[in-house]
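Asker: Encoded as structure tokens, here's the structure I'll be asking about.
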Amino acid sequence: MKHPIATYVLILLLFSCGNKNTTPKTDVLKKVNVNNKGLISISETLKKNGHLPIEKQIELYYKLKKESPNTYNFNNEDEMTMYGYSFLWNDDIENAIEIFKLIVAEFPNSSNPYDSLGEGYMTNGNMELALINYEKSLVMNPDNFNAEDQIERIKFPNKKPLTPAEKFTKVYTFKEYKDDLDELGRKLMDINPNALKFISKEKFLEVIEAKKNLINENTTFGNFIWHCSEIIASINCSHTSLGGFFQESAMINKSLVFPLQTRWVNDKLFVVDAMSNANKVNIKDEIISINGKRVSEIIKDIYKHISSQGFVETSKKHFFNSWATEMLPYALGFPKSYAVKIKGKENTIMLNKANAFKAPYDDTSIKRCNEDLCLEFLEHQNTAVLTVSTFNFYAWNNLDVFEKFIDNSLKKIHEKKSKNLVIDLRFNGGGSPESSIYLLKYLINKPFKYFSEDEIQPNKNSYKGKLYFIIDGHGESTTGHFMSITKYLNLGTIVGEELGSNQLCTAGQTVSRLANTKLIFNVANTESRANVTGFPDEKGILPEHHVTQNIDDYINNIDTVKEYTFNLINKEQ
């Protein structure tokens, strides 16, 4: 059994400049020093000795700490916590508890180990010990709302929390809303080291005041969360957000959703699935207004509510295309019906309500491999295509899977003597710096620096042929670090659209909650910057060849960007 908030926060770990979670609770990992000053990861060492009984692993921990204190990194609470959760996720609860007990002993002044141990005991059904540890954690960190919730859950097991639908329509007092908006502003500025990098304090406070002026006696939580999303997005940090659109999606009454699946392409909104309105609109119809409001103005407003790195809009475009059916109702004030104006049609069309829809809506127009990592060969072009759709491989969990795949792939590429290597990074939302570095070591022929630590040596079997990189607006976080180094060192030709990130990653996260409305949001708590110069912080990494799908290619499942890349290879050969 996993607690809702713990599961929610753990998901955040998968999209970060490295790691995003210190624990599956309110404090989330700060940037990991990849080299750890040359120290060996103790959690990875224990993982490699996973065949040993847990008591023997713990004996090994203390033996190494006594005999080799300067060889292993015993100060990384975060990685040890993740190692403990790797057991819990695999329903190996007793072993998880033993690792959490070890972390409590090693980090007695930190609140998170007690929280994790509390979860272990609670999952095991030992409510008495769970309560003791959650209470210790809350005393040490009064902002640990997860501990607060679990304590209440243990003490009042029959108390039912509000359902998402009940939360959506709940109305709080003006004072409660106002106090929460002030708290939101304070936490964003206090926690995020770059909160005022892209907006002045004066402008930021103006955004908050403007939202206060919109609150009245009828303001629901559904209205309020939309106000908060604009405040959060105004600081332009992709790691500071509401955690996707999942909270909003879970609350909204499905009768309110926009009853067409759409796609925003080249500043135009097209129908890609007519849903319950197939008798009224057609695929590829262009919508120019909704309920009398021009689409361009609606999108402009929605973009204000989507977090991004700097002023990058490609990531906002992809976010909107995933959540359009539910973002449009929030932007339009939850209308009970929708009327659209279609380009080339004289009359406004009243739409039927949706009886089915998809949110988030997945982009199926680009054929992707079935795995996160794929290798294929185009024999006639003497070209290898390496797809890396995530860097989500961590030392405490599965970094060895990534390393083995890259080792085997480069071995095959060398054996086939491929003259061209295409690295497809589309849909890659980031992950660990370790995996990013591991791949770079195969692409670079001289020592390099990733952050500002010691030089990293290239792999002795590094690739010597021509490199091509395919990128898109999904590429955030660690992908920005990877591509900034790639571009800075001029490793190859970049094709696609502006990347969703760059050399700057305001990373890590603190998961916070407002006192009155209990709104959960994530705030970046540290900065990690790739060791490059000359690139603006407000823009994503730019391709040499800007190529995107038009609506026809999208509908016909044509991978425009990949085809362009292959044609480019042919021309250059």
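Bear in mind that the values in this text are calculations on the coordinates, not laboratory data. All figures in this text were calculated on a predicted structure; none of them were measured in a lab. Here the Cβ positions follow ideal geometry from the backbone for every residue, glycine too, while neighbour counts run over all protein chains shown.
Asker: Given 0.36 nm per residue, what is the gain on full extension from residue 174 to residue 67 after removing their alpha carbon distance, in nm?
Answerer: Details: separation 107, 0.36 × 107 = 38.52 nm, distance 6.06 nm.
Full extension of this stretch gives 32.5 nm more.
Asker: Which residue, 569, 210, 508, has the largest displacement toward the positive end of the dipole of the chain when charges sit on each Cβ (Lys, Arg +1; Asp, Glu -1)?
Answerer: It is 569.
Asker: Okay, next question. So how far apart, in nm, are the two label points at residue 358 and residue 132 if each is 7 Å from Cα heading toward Cβ?
Answerer: Label at residue 358, label at residue 132, 5.1 nm between them.
Asker: Can you give the % of DSSP beta bridges in the chain that are antiparallel, to the nearest 5?
Answerer: Numbers: 32 of 52 bridges.
Here the antiparallel bridges make up roughly 60 percent for the chain.
Asker: State whether the chain is rounded, prolate or oblate according to the following rule on the C-alpha gyration tensor (a ≥ b ≥ c being the square roots of its eigenvalues): a/c under 1.5 gives rounded; otherwise a/b larger than b/c gives prolate, and the remaining case gives oblate.
Answerer: Because a/c hits 1.5 or more and a/b fails to exceed b/c, the chain counts as oblate.
Asker: Ok, one more. Apply 1/(1 + (r/R0)^6) to the Cβ-Cβ distance of residue 376 and residue 284, taking R0 = 30 Å, and write down the FRET efficiency to the nearest 0.05. Walk me through the numbers on the way to the answer.
Answerer: Numbers: r = 31 Å, r/R0 = 1.03.
Efficiency, rounded to the nearest 0.05: 0.45.
Asker: Let me make sure I get this right: for the range 127-185, a, b and c are the square roots of the gyration tensor eigenvalues over alpha carbons, sorted descending. Under 1.5 in a/c it's rounded, otherwise prolate if a/b > b/c, else oblate. Which is it?
Answerer: Judged from the Cα gyration tensor, the range 127-185 comes out oblate (a/c at least 1.5, b/c at or above a/b).
Asker: Report, in deg cm²/dmol and to the nearest 500, the calculated mean residue ellipticity at 222 nm for the chain, where each DSSP H run with n ≥ 4 adds -39500 (n - 2.57) and the sum is divided by the residue count. Don't skip to the end; give the middle numbers.
Answerer: On the way: 20 runs with 235 residues, N = 573.
After summing the helix terms and dividing by residue count, I get -12500 deg cm²/dmol.
Asker: Taking 0.36 nm per intervening residue step and subtracting the Cα-Cα distance, what contour gain separates residue 60 from residue 89 on full extension?
Answerer: Values: separation 29, 0.36 × 29 = 10.44 nm, distance 2.31 nm.
Between residue 60 and residue 89, full extension yields 8.1 nm more.
Asker: Which of the lysines could be linked to residue 419 by a straight reach, that is with a Cα gap under 29 Å, when you skip same-chain ones fewer than 8 residues away?
Answerer: 367, 404, 411, 441, 446, 449, 460, 464, 466, 487, 562, 571
Asker: Something else about it: Order the peptides 514-520, 390-396, 202-208 from the highest to the lowest mean number of other Cβ atoms within 10 Å of their residues.
Answerer: The most tightly packed comes first, giving 390-396, 514-520, 202-208.
Asker: Here is a follow-up. Rounded to the nearest 0.05, what FRET efficiency do residue 572 and residue 412 give with R0 = 22 Å and r taken as the Cβ-Cβ distance? Could you check?
Answerer: 0.45
Asker: If I model a spin label as a point 7 Å beyond the Cα along the Cα-Cβ vector, how far apart are those points for residue 367 and residue 297 in nm?
Answerer: 4.4
Asker: When Lys and Arg each count +1 and Asp and Glu each count -1, what net charge do the other residues less than 14 Å away from residue 135, Cβ to Cβ, add up to? Show your work: numbers first, answer last.
Answerer: Details: positive: 136, 153, 155; negative: 115, 119, 128, 148, 149, 152.
Around residue 135, the charge tally is -3.
Asker: In terms of Cα to Cα distance under 17 Å, which lysines are near enough to residue 343, apart from those fewer than 8 places away along the same chain?
Answerer: Leaving aside lysines fewer than 8 places away in the same chain, those within reach of residue 343 are 268, 280, 284, 293.
Asker: Let me ask something else. Measure out, as a whole number of angstrom, how far apart the alpha-carbon centroids of the range 430-457 and the range 327-401 sit.
Answerer: Here the two parts' Cα centres lie 30 Å apart.
Asker: How much length would be gained if the chain were fully extended between residue 558 and residue 162, taking 0.36 nm per residue of separation minus their Cα-Cα distance, in nm to one decimal?
Answerer: On the way: separation 396, 0.36 × 396 = 142.56 nm, distance 4.50 nm.
138.1 nm is the gain from fully extending residue 558 to residue 162.
Asker: Using the crude model of +1 on Lys and Arg Cβ and -1 on Asp and Glu Cβ, and no other charge, please compute the dipole size for the chain relative to its Cα centre, in debye to 20. Show your work: numbers first, answer last.
Answerer: Values: 68 positive and 71 negative charges, 185 e Å.
It works out to roughly 880 debye.
Asker: A further question on this structure: Enter the Cα centre distance for the pair the range 87-119 and the range 302-326, rounded to the nearest angstrom.
Answerer: 37
Asker: Let me ask something else. What is the distance in Å between the Cα centres of the range 458-497 and the range 207-236?
Answerer: Between the Cα centre of the range 458-497 and that of the range 207-236, the gap is 39 Å.
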